[in-house]
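Undergrad: Structure incoming, see below.
The values are calculated or read from the model by the stated rules, or taken from the named source; none is laboratory data. If you're wondering where the values come from, they're calculated on a predicted model, not measured in any experiment. Because the Cβ atoms are built from the backbone with ideal geometry, glycine has one as well, and the counts that use them run over all protein chains shown.
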Amino acid sequence: MKSVTKLTFSTTLSILTSAFRDNPGVIWVVKKDQRISARVQELCRFCLTTALQKEGAFITEDQKGAALLIKSWKKQPPWNWLIGYFRLGQHCIGWDRAITIIKRERIIQSKRPKQKHLYFWMLAVKDHTYGLETIKEIRDFVFEYSAKEQLPIYAETTMKSTLNLYLRYGFEIYDTWETGENDIIVYFIRRDWKR
């Protein structure tokens, strides 16, 4: 895998948007109106831009997969953080839902560990039919990165199929949260770097 650059930004954004357009957790976050597709793309743009600023955005060699894997202690410059959240409120979640989303994010963040770790924010594969090699490349990269840094990997998912993939690759569930919205359950998972 390679770090995302200006040249691969739009391809990476397309991969993320394609993979997350039907994700229940993403759909719950964005404002539901006639612009929902554009709002999902804006959420993915926010995540990708944030990961880039924290040096944690990667794309596979075949440019069919992406991973946002960031070091938990990396911070964005304050001005970039402010601009990113303004765009998120304006073009994605809507200002009327901002408090709800902030509360949701606080609950999720409270369940993450305080010690240093790698946060696996997003895993996306463009081609679901022939994506096995792409998924293997992402898996190998993430596990090697974790071992090299000697840091555990933490993530969340709301999709059972994604959860099963993570569990197959050695992750374990350490917590859950029933959001009370549309039967959405957030699964909090981790994998030790020594595995």
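Undergrad: If only one of GLU42, GLU105 is among the acidic types (Asp, Glu), surrounded by fewer than 17 Cβ atoms within 10 Å (Cβ to Cβ), without any contact (Cβ under 8 Å) to a residue 60 or more places away in the chain and assigned to a helix (DSSP H, G or I), which one is it?
TA: On the way: GLU42 fails: surrounded by fewer than 17 Cβ atoms within 10 Å (Cβ to Cβ).
Residue meeting the stated conditions: GLU105.
Undergrad: Checking ILE70 against (1) within 15 Å of the chain's Cα centre (by Cα); (2) assigned to a loop (DSSP other than H, G, I, E, B), which single condition isn't satisfied?
TA: Of the numbered conditions (1) within 15 Å of the chain's Cα centre (by Cα); (2) assigned to a loop (DSSP other than H, G, I, E, B), the odd one out for ILE70 is (2).
Undergrad: Report yes if some residue within segment 167-189 is in contact (Cβ under 8 Å) with a residue 12 or more places away in the chain and either assigned to a helix (DSSP H, G or I) or closer than 22 Å to VAL4 by Cβ (or both); otherwise report no. Explain how you work it out, then say what you get.
TA: Here is the first cut: in segment 167-189, the ones in contact (Cβ under 8 Å) with a residue 12 or more places away in the chain are 167, 169-177, 179, 181-182, 184-189.
Going one step further and asking which of them are either assigned to a helix (DSSP H, G or I) or closer than 22 Å to VAL4 by Cβ (or both), we end up with 167.
Yes, some residue in segment 167-189 is in contact (Cβ under 8 Å) with a residue 12 or more places away in the chain and either assigned to a helix (DSSP H, G or I) or closer than 22 Å to VAL4 by Cβ (or both).
Undergrad: Now a separate question. Any residue in segment 140-161 that is more than 24 Å from LEU88 (Cβ to Cβ), touching a Leu at 6+ places or on another chain (Cβ under 8 Å) and in a loop (DSSP other than H, G, I, E, B)?
TA: Checking segment 140-161: at least one residue is more than 24 Å from LEU88 (Cβ to Cβ), touching a Leu at 6+ places or on another chain (Cβ under 8 Å) and in a loop (DSSP other than H, G, I, E, B).
Undergrad: Among residues belonging to segment 131-157 that are hydroxyl-bearing (Ser, Thr, Tyr) and closer than 15 Å to PHE120 by Cα, point out the one that is surrounded by the most Cβ atoms within 10 Å (Cβ to Cβ).
TA: First pass over segment 131-157, keeping only residues hydroxyl-bearing (Ser, Thr, Tyr): 134, 145-146, 154, 157.
With the extra rule that they be closer than 15 Å to PHE120 by Cα, the set shrinks to 145-146, 154, 157.
Numbers: TYR145: 19, SER146: 21, TYR154: 20, THR157: 23.
My answer is THR157.
Undergrad: Across segment 52-80, what is the total count of residues that are free of Cβ contacts under 8 Å to residues at least 12 places away in the same chain and aromatic (Phe, Trp, Tyr)? Break it down into steps so the answer makes sense when it comes.
TA: Here is the first cut: in segment 52-80, the residues free of Cβ contacts under 8 Å to residues at least 12 places away in the same chain are 78-79.
Then drop every residue that is not aromatic (Phe, Trp, Tyr), which leaves 79.
Qualifying residue count, segment 52-80: 1.
Undergrad: Out of THR158, THR134, which single residue is in contact (Cβ under 8 Å) with a residue 60 or more places away in the chain and touching a Pro at 6+ places or on another chain (Cβ under 7 Å)?
TA: Numbers: THR134 fails: touching a Pro at 6+ places or on another chain (Cβ under 7 Å).
From the options THR158, THR134, the qualifying one is THR158.
Undergrad: Restrict the check to segment 15-31 and report whether at least one residue is of a type outside the set (S, T, N, Q), crowded, with 19+ Cβ neighbours inside 10 Å and modelled with pLDDT of 90 or more.
TA: Yes, segment 15-31 contains at least one residue that is of a type outside the set (S, T, N, Q), crowded, with 19+ Cβ neighbours inside 10 Å and modelled with pLDDT of 90 or more.
Undergrad: Also: Take segment 38-72 and flag every residue that is farther than 22 Å from SER161 by Cα, out of contact with any Phe, Trp or Tyr (no Cβ under 7 Å at 6 or more places or on another chain) and of a type in the set (Ser, Thr, Tyr).
TA: THR49, THR50, listed by residue number.
Undergrad: Something else: Condition first: closer than 23 Å to ILE15 by Cβ, small (Gly, Ala, Ser) and within 19 Å of the chain's Cα centre (by Cα). Can you find one or more residues in segment 141-157 that meet it?
TA: We begin by selecting, within segment 141-157, every residue closer than 23 Å to ILE15 by Cβ; these are 141-146, 153-157.
Then keep just the ones that are small (Gly, Ala, Ser); that gives 146, 155.
Keeping just the survivors that are within 19 Å of the chain's Cα centre (by Cα) gives 146, 155.
Checked against the condition, which is being closer than 23 Å to ILE15 by Cβ, small (Gly, Ala, Ser) and within 19 Å of the chain's Cα centre (by Cα), segment 141-157 yields at least one hit.
Undergrad: Kindly provide the set of residues from segment 108-126 that are touching a residue at least 24 places away in the same chain (Cβ under 8 Å) and hydroxyl-bearing (Ser, Thr, Tyr), ordered by number.
TA: Matches in segment 108-126: TYR119 only.
A quick yes/no check of all residues on (1) surrounded by fewer than 19 Cβ atoms within 10 Å (Cβ to Cβ); (2) under 21 Å from LEU151 (Cα atoms):
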| position | (1), (2) |
| --- | --- |
| LYS2 | yes, yes |
| ILE36 | yes, no |
| PHE46 | yes, no |
| ALA57 | no, yes |
| PRO77 | yes, no |
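Undergrad: The conditions are (1) modelled with pLDDT of 90 or more; (2) on the phi < 0 side of the Ramachandran plot; (3) of a type outside the set (Val, Ile, Thr), and GLN63 fails exactly one of them. Which is it?
TA: The number of the failed condition is (2).
Undergrad: If ARG191 satisfies all but one of (1) of a type in the set (D, E, K, R); (2) surrounded by 18 or more Cβ atoms within 10 Å (Cβ to Cβ); (3) at positive phi, what's the number of the condition it fails?
TA: ARG191 satisfies every listed condition except (3).
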